[in-house]
Amino acid sequence: MTSVRLETSSHLDGTVAADVLALAARAADADGVEAISEAFRLALTSAHGDVSHLVAYAGESRSEDLLGYAAVDSGGSAELVVDPDARRQGVGRELLHALFDSDFVPGSATGVWAHGDLPAAQALAAAEGLVSTRELHVMARDVAPGDEVDPVLPEGFSARTFELGRDEQAWLEVNALAFATHPEQGSITLEDLQDRMAQDWFDPAGLFLVEDTTVTDADGGHPLAASHWTKREPGSRTGEVYVVGVHPAYQGRGLAGPLTGLGTAYLARQGVDTIDLYVDGDNTRALATYRRAGFEDAAIHVVYGRPTAP
Ligand SMILES: CC(C)(COP(=O)(O)OP(=O)(O)OC[C@H]1O[C@@H](n2cnc3c(N)ncnc32)[C@H](O)[C@@H]1OP(=O)(O)O)[C@@H](O)C(=O)NCCC(=O)NCCS
């Protein structure tokens, strides 16, 4: 067993953040899946993130050799990765214990993501008595001829694209209501939104707003009923159904299918070959919408947490 020295902090300096990103990239190469998700990657370098970082170094040598990294956000959601060259030496177990220990991490973790649900993660979770508490499905489908044609929206609704500086507040309100029970997506703040919009993949032409044209406000605008934000890394042949949300007052009115189609048609016109998306395993309505739109399961991500008392 390697002796491990853990350092905990609410802010990482630039060199450590870069080392952690390099470790995460090595792990992604070895595992075929990213251990650290976009939100946690952004938190590594963000000045206003409320994430606690845990960095594992080779202890007794006093060297700054990084062995592993874990982080927990303010909602108790955690991620954990060990350098491929430092595995099976107890580093993962040590980081996992610290994540669930409020002496190390304020608030402590409620669950740890296992992206791709790799055998090593399953084994570590089982060894520590953790169980699957949430499943996130990655769904995908190939683009087919005809996908580039925009769908017809139900009567009384029209679509336009996002205008920076005008639509942020309305989008945040609908997002918070549509994702009220979703731990990460529902808590997005203006800063989080602006962080995402500052990324090189962001394109307002791929963020669609569906408005209720039967109601007109004092400024001549219409209430936002739903939105579909698509994502495509520059040059990528894969597009993503990034965030689809329908305001609760407009749910059950046949918007989900055409709303999904607005984004997939846009991505098809952008020339992507494949479209993917992430959806929670218990979101049966969304799963049904995406299956109807031709998406199939491609991978699964699992959150491991403590079993709840019966
Ligand atoms: C999962 C991961 C964090 C494990 O890190 P690690 O430092 O290799 O794990 P440890 O050495 O602390 O292992 C602790 C126990 O987990 C189990 N385990 C870990 N990896 C295993 C593997 N590849 N095969 C079988 N059992 C394994 C064993 O019971 C092990 O105890 P033992 O070595 O005494 O038998 C690492 O493989 C990783 O970074 N994977 C990619 C990211 C990821 O999946 N994170 C989610 C974590 S829930």
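Applying the selection to segment 275-310, what residues are open to solvent by 100 Å² or more (accessible area, probe 1.4 Å), of a type in the set (D, E, K, R) and part of a strand (DSSP E or B)? Answer for segment 275-310, where residues must be open to solvent by 100 Å² or more (accessible area, probe 1.4 Å), of a type in the set (D, E, K, R) and part of a strand (DSSP E or B): just Glu296. Where residues in segment 150-168 are in contact (Cβ under 8 Å) with a residue 60 or more places away in the chain and out of contact with any helix residue (DSSP H, G or I) (no Cβ under 6 Å at 6 or more places or on another chain), which of them is nearest to Asp203 (Cα to Cα)? Across segment 150-168, the extreme among qualifying residues is Ser158. Only residues that are buried (at least 16 other Cβ atoms within 10 Å of the Cβ) and free of Cβ contacts under 8 Å to residues at least 60 places away in the same chain were counted across segment 169-184, and they come to 3.
Scanning segment 128-168 for residues that are in a loop (DSSP other than H, G, I, E, B) and among the charged types (D, E, K, R) yields Glu128, Asp147, Glu148, Asp150, Glu155, Glu163, Arg166, Asp167. Of the residues in segment 62-71, not one is assigned to a loop (DSSP other than H, G, I, E, B), over 19 Å from Asp280 (Cα atoms) and touching a residue at least 60 places away in the same chain (Cβ under 8 Å).
Only a single criterion out of (1) among the hydroxyl-bearing types (Ser, Thr, Tyr); (2) within 16 Å of the ligand (Cβ to nearest atom); (3) open to solvent by 50 Å² or more (accessible area, probe 1.4 Å) is not satisfied by Thr45, namely (2). Only one entry in His11, His53 is in a loop (DSSP other than H, G, I, E, B) and out of contact with any helix residue (DSSP H, G or I) (no Cβ under 6 Å at 6 or more places or on another chain), namely His11.
Cβ separations smaller than 9 Å between residues 6+ apart or across chains give the following pairs from segment 13-30 residues that are away from the ligand (no atom under 16 Å from the Cβ) to residues that are hydrophobic (A, V, I, L, M, F, W, C): Val16/Leu44; Val16/Val55; Val16/Leu66; Ala17/Leu44; Ala18/Leu44. Residues of segment 205-227 being buried (at least 17 other Cβ atoms within 10 Å of the Cβ), within 15 Å of Pro154 (Cα to Cα) and touching a Gly at 6+ places or on another chain (Cβ under 7 Å), which ones? Those that are buried (at least 17 other Cβ atoms within 10 Å of the Cβ), within 15 Å of Pro154 (Cα to Cα) and touching a Gly at 6+ places or on another chain (Cβ under 7 Å): Asp212, Ala226, Ser227. Of the residues making up segment 246-265, those that are in a loop (DSSP other than H, G, I, E, B) and open to solvent by less than 40 Å² (accessible area, probe 1.4 Å) number 1. Which count do you get for residues in segment 115-164 that are within 30 Å of Pro223 (Cβ to Cβ) and within 16 Å of the ligand (Cβ to nearest atom)? Here the count works out to 0. Taken over segment 63-114, the criterion of being crowded, with 21+ Cβ neighbours inside 10 Å and near the ligand (Cβ under 6 Å from one of its atoms) is satisfied by Leu80, Val81, Val82, Val91, Gly92, Val112, Ala114. For Asp195, the stated conditions do not hold, so it cannot be described as at pLDDT below 95, surrounded by fewer than 15 Cβ atoms within 10 Å (Cβ to Cβ) and assigned by TED's automatic domain parsing to the domain that holds Val241.
The values are calculated or read from the model by the stated rules, or taken from the named source; none is laboratory data. Every value quoted in this text rests on a predicted model; they were computed, and no experiment measured them. Backbone-built Cβ (ideal geometry, glycine too); neighbour counts: all protein chains shown. These accessible areas exclude ligands, DNA and RNA; they are computed on the full protein's heavy atoms, side chains included. Shrake-Rupley method; radii C 1.70, N 1.55, O 1.52, S 1.80 Å.
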